[in-house]
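FYI, it's all coordinate maths here, none of it is from the lab. As the structure is a prediction and not an experimental result, all values here were calculated from the model. Note that each Cβ is placed from the backbone with ideal geometry, even for glycine, and that neighbours are counted across all protein chains shown.
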């Protein structure tokens, strides 16, 4: 069953955003204050909902959806109340010579 990206829950969007940043499952769990098993469950559910077969395909989809303008910034509050920012920039594809 394919679901439009707009229908994702806020937590599913957080997982997609962290996946787009290239964050490991362990680090995602730490940043979201959940277990690794919970992150793996979210990623499995996202694959099913979005109709992709692999984490690699989900990662590509996450980068395409979370970085449409060429850059993306994620801001979140840490448990101690400080603000943490993550930023990535989209790299332009090299032209193919043919």
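Quick look at the numbers
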| read-out | value |
| --- | --- |
| Extension gain from residue 36 to residue 54, taking 0.36 nm per residue of separation minus the Cα-Cα distance | 4.7 nm |
| For 27, 7, order by how many other beta-carbon atoms lie within 10 Å, fewest first | 7, 27 |
| 59, 82 arranged by Cβ crowding within 10 Å, fewest neighbours leading | 82, 59 |
